[in-house]
Structure formats: structure tokens, C-alpha cells
1. I'm told S489 meets every condition in (1) surrounded by fewer than 15 Cβ atoms within 10 Å (Cβ to Cβ); (2) in contact with a helix residue (DSSP H, G or I) (Cβ under 8 Å, 6 or more places away or on another chain); (3) among the polar types (S, T, N, Q) except one. Can you identify the failing condition by its number?
2. Exactly one condition in (1) open to solvent by 30 Å² or more (accessible area, probe 1.4 Å); (2) in a loop (DSSP other than H, G, I, E, B) is not met by N534; state its number.
3. Do the conditions hold for G219, that is, is it modelled with pLDDT under 70 and within 16 Å of the ligand (Cβ to nearest atom)?
4. Would you check if there is a residue in the range 87-97 being at pLDDT 90 or above and assigned to a loop (DSSP other than H, G, I, E, B)?
5. Count, please, the residues in the range 492-508 that happen to be modelled with pLDDT under 90 and open to solvent by 50 Å² or more (accessible area, probe 1.4 Å).
6. Pairs please, first residue from the range 137-162 and touching a residue at least 60 places away in the same chain (Cβ under 8 Å) and within 7 Å of the ligand (Cβ to nearest atom), second anywhere and among the polar types (S, T, N, Q) and part of a loop (DSSP other than H, G, I, E, B), Cβ atoms under 9 Å, 6+ apart in sequence or on different chains.
7. Looking at (1) out of contact with any Gly (no Cβ under 9 Å at 6 or more places or on another chain); (2) open to solvent by 50 Å² or more (accessible area, probe 1.4 Å); (3) modelled with pLDDT of 95 or more; (4) under 25 Å from V230 (Cα atoms), which is the one condition that is false for I404?
8. May I ask you to verify whether P367 is modelled with pLDDT of 95 or more and open to solvent by less than 20 Å² (accessible area, probe 1.4 Å)?
Amino acid sequence: MTINDTIDEASLLASALSNVSLDTQKPEMIDNILTNLIQVKEKHLKDILLNPTQQDIEYLTNLLSQRIDQGRGEALFEIGTEDYLKCIETISTITNTLGADFADIDELNQIDSTTTTTTRSKNNIVAHLMIRKRPQSVQDLLEIRVAVVGNVDAGKSTLLGVLTKGVLDDGRGKARVNLFRHKHEIESGRTSSVGGEILGFDSKSRPILSTSKKSFNSGWEDIAEKAAKVLSFVDLAGHEKYLKTTVFGMTGTAPEFAMLMVGANAGMVGMSKEHLGLALSLGIPVLVVITKIDQCPAHVLEKNIKQLNSILKSKSCRKIPLFVENNHDVVMTAQNFVSERLCPIFQVSNVTGQGLDLVRNFLNILPSLTKYESIDQPFHFEINEIFSVPFVGTVVSGVMKGGIVHIGDKVLLGPDHAGQFITTSIKGIHRKRVNIPVARAGQSVSFALKNVRRNTIRKGQVLLIYEKDKPMPASSLKFEAEILVLYHSTTIKSKYQAMVHCGAVRQTASIITTDKTVLRTGDRANVRFKFVKNPEYLTIGTRLIFREGRTKGVGKITKLLD
Ligand SMILES: Nc1nc2c(ncn2[C@@H]2O[C@H](COP(=O)(O)OP(=O)(O)OP(=O)(O)O)[C@@H](O)[C@H]2O)c(=O)[nH]1
């Protein structure tokens, strides 16, 4: 296959990016986040940092406090000054008042905010300080969900093992062993289920490594208790056989970013283009990590990088690839990553450790995209897993889409087959395996539910706010969506059925009407869908993916019917 063929294929998969009205989601969010990069270059602020009066300290304390709130617990502070140590001293005074710490992220051996000493003179240069609140409890944890995708053997599980356990790989699967969930996975070395790992950073930006030798997910409590920020990785399967699980992982776990892993020797092969297309269709910013650079001849690496570059820059991807080579690039890309167009690329070896510091630093300063306002919306939680826990009962896990909920709150659960909701209450809340009294929008949590049997709940159902004397929430069997057909071998007509993935909802739906008589690859249309089994709780504007065999399409819900 030539590079041009590859581009064509990727273009098709990814054409969603330019075609479906992917509302340029985030201008206000970009503003919000960019304001967190506080630039202290102006003359007066420089002076304040060098010779602050009491009034100046109060002013700066207020400014920082606001920025930290906007950054959901953290802010990146840029200082360019003649006297670095003096500035650091002023900032230490302020962060102490705010119950925060900081680290100079341009230094690989990060300084301790309490010692205010540094190994080399940094006068007259620009430095970046990551200021982060000391968390009072797990409730205050800043969490960012990252979907990890890529072809089989690209090194997804290995990178997660190396990053979260802090032990290098041997090139024969040593680092990934702890991450597998099923016995057959250990035997075949393949990931088939949607799995998670967490990487924590404390308020001084130091990674918290899981020291536990036990199996999967051990040490979570430890990390969650020490960390101020966690990256939750959703490790998605790389094999085509498990694509359904991967699609569910991408839509149902609401990742804010996707990390596409590419083996240096293999390049963009197999499912990697499919996964890139998925992330693009869902409007999830993508970073690329090229692994195994230790065992790749230079000319092969060069060829594969060229291919990757061409795919990313192609008309339908319209990405700006940026190779991250030093800490300056890390700061630049992490802060601008909210723009879907920028695509940072890292080159690493899980065996020699080359390049891993840059990935870790990038993850440390990556800002969250969760909308600040979603906390003010009514409680809305999407169920993506259901368990039956001995002595606890039915437990559901998923993502808080909006609002706040406390232990003891009465909530609605549904819709059932008939579109009805029942009332239940929240008996307990777990976040990263730790008990917490309240959950907030943006967090992934588990709830123990009162008096509900496990077999009455299904994935895709929701928990919603209960309000006395208010009518039941509406659920929809039929809905309208604006769609783009990414691939279909012939033509799609009404009565055509496909699996629709929309948030945690995953159900077969048939097309009842379209505004075009037939739909072919590349066509856009307004389509009415009808679920074949249950009505679902949907919201306008949610993106969806539909697929059936090799057919795939993307879209956005525009209207709820009935
Ligand atoms: N030499 C070398 N080997 C690596 C590197 N990263 C991963 N490997 C090896 O590559 C193999 C595949 O790695 P995995 O982490 O299982 O790949 P995966 O992408 O998670 O694969 P699936 O779970 O099947 O999707 C293992 O034997 C690893 O030891 C690297 O940077 N260098």
C-alpha cells in the first residue's frame, strides 16, 4: 500500500472532522484554559514579584486563587525575570497562603517549593511553574480521562505499565503483565476488555508510582490519597476483533483526550487509522506516542514518520503535527492542546526509557477540558458498568455528566423497557476505589444503589436528579440525527439497521426515514432512527457513531422524537 492509498483510507475514516457539523466546540474553553497560563512578563507584575508590598501580595494571591479555581485546582505560571530565586520566594509565600505547592516544570529534577533552591542559575530566562492545590480529600482530585488506542502490539499496555509502575519494560511484555484483566489475555498477550490504570501527580508535580506488586488496579487507593491530579487511562483494545469494545470505550467513558500509540517499526497499520478516525469523529484531541524507537532502524522510522505526518496533515485530518523534543515543546503543546488541530507527537522507548520524561511532563500539565459550568447543571450520570458487590449490593460505575450528588440523595434510574424511571437512592460513592461523600460533574465514580437488582439495570441507562412533583424525564425510541456515512459498500436506505453508539448507549437502531433516497459513502443527511429494543435517555448535540460490519458513520443528535 502506498502512502497515498493510506491517506485516502484515513481521509475517509476521518472525514467526519471537516464534514459533520462538529461545532467548533471550545472557543470559550480555550480562553478559559489559556487564561490559566498566567504570563508575568508585564513590567509591573515583574516588579511585584521582585519587591512585593503587602498589598501586592494580596493582589497576587487573589489573582492566583482565581486562576487555580478556573483550572480546577491548578494553574501554570510563566515567569521571566532577572532574579529567579527572589520570584520563587514571593510565589512560595503566596502558595503557602493558598494551601498550594508548585514545581518548576522546565527542570527535570523538579525543585521543592519549600526549599526555594535550584541547581543552576535561572536568571534572565523564562520559567514555568505548575501551581497546584494540596488536596484535602479524594473529592478534590483533578481527574483527566485519556483513551489509549492503537494497533495490536503498539505497546499500549506496556506504556501504561511503565508510566504507572515506574519500572522499564524488557521488550518481552514484562511491564504489561500487571494490567491484564482476564486469564486469556495473559496467555494471548492481548487486551480485550476496556481497562483502566491511573497515573497520579502530587501538588509538587511528582508522579506517584504504584509500588504494589499485586495485580491490576492495586494501589489505586494509595495513589488517589496522595495525588492532587490523576490521569485515568482507558486502555482500549487494539485488535479488530474487539472493535466493538473499543468504540464503546471511546464513546461511553467520555475521554477528554486520546493517546494513539504507534509502533516505530510498524507505522500506522491495522486498527490505528480506524482508531484515529474514531477520535476525530468524536472531536477528541489526539496525541501520538511512537513506541519501540530502541529497536527501529533509522530509515524505517523516517519512512513511518513521513507516513504519519502525511496522514495527520491530510485534508480530512487537518492536524498540525508537532514533534515534542524538549520541555519547551511540552509546555507549548500541552497548553494549546485544547485546540483539536494541534497533534503533539512523542517518540519513546519503554525499554530504555527515552522520551518517557516528556510524556510524563506533558500529562502532568495537561489541562482538563471539562466544562466548569457543568457542575451547575442538574445531576446526570451515565452508567457504563454494572456490578454486584457482596455485602454492598448493586453498584454502577460511569461518568458524571452534570451536577452534584451526595450520599443519601434520592435519584431516578432509567429508562426501562417502557421508558419509565424508578426512584432509588445513593447508598455509597467511590472515586478511584476510595469512599467519598459527594460526586461532581466531570468525575468518573461508582455508586452503590439502594434496593435495585443488578439484572434490572443495563449499560446506557442514566441516573438523574429526582424532583418531587416533577414529571418523569422523557426517553426516546426515535430521534433525528445529522449523519455522515464514512464507509458503505453499496447504498443505505430506510429500514437499514446498525449498532448506534452514543455516550454509554449502545443499541441497534433502524433508519426510518432520510432526507435522501439513498445514502452512499461520503453522503451527509438528516436521518430518523428508531431503536429496536428500548427507548433511551438522549440529549441533543451528543455525537454518535453507527456501524454494521464494515459500514460506519458518524453524526450528532439534532432532535428527540416521541
Ligand atoms: N523493544 C521494545 N519493546 C516494546 C516497547 N514497548 C512495548 N514493547 C513490547 O511490545 C510487545 C507488545 O506490547 P503491548 O503493550 O502488549 O502492546 P498493546 O498495544 O498493549 O497490545 P494489545 O493489548 O494486544 O492491544 C511487548 O512484548 C512489549 O514488551 C518498546 O518501547 N521497545
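1. Exception for S489: condition (2).
2. Only one criterion in (1) open to solvent by 30 Å² or more (accessible area, probe 1.4 Å); (2) in a loop (DSSP other than H, G, I, E, B) is unmet by N534, namely (1).
3. On the way: modelled with pLDDT under 70: yes; within 16 Å of the ligand (Cβ to nearest atom): no.
Against the criterion (modelled with pLDDT under 70 and within 16 Å of the ligand (Cβ to nearest atom)), G219 does not qualify.
4. Looking for residues that are at pLDDT 90 or above and assigned to a loop (DSSP other than H, G, I, E, B), one finds none in the range 87-97, hence no.
5. 3
6. V152/T191; G155/N350; K156/T191; S157/T191; T158/N350; L159/N350
7. Of everything listed in (1) out of contact with any Gly (no Cβ under 9 Å at 6 or more places or on another chain); (2) open to solvent by 50 Å² or more (accessible area, probe 1.4 Å); (3) modelled with pLDDT of 95 or more; (4) under 25 Å from V230 (Cα atoms), I404 misses just condition (3).
8. For P367, the condition - modelled with pLDDT of 95 or more and open to solvent by less than 20 Å² (accessible area, probe 1.4 Å) - is not met.
The values are calculated or read from the model by the stated rules, or taken from the named source; none is laboratory data. Keep in mind it's a predicted model, so treat the numbers as computed, not measured. A quick note on method: Cβ atoms are made from the backbone with ideal geometry, for glycine too, and the neighbour counts reach across all protein chains shown. Heavy atoms of the whole protein, side chains included, go into the accessibility calculation; ligands, DNA and RNA do not. Shrake-Rupley method; radii C 1.70, N 1.55, O 1.52, S 1.80 Å.
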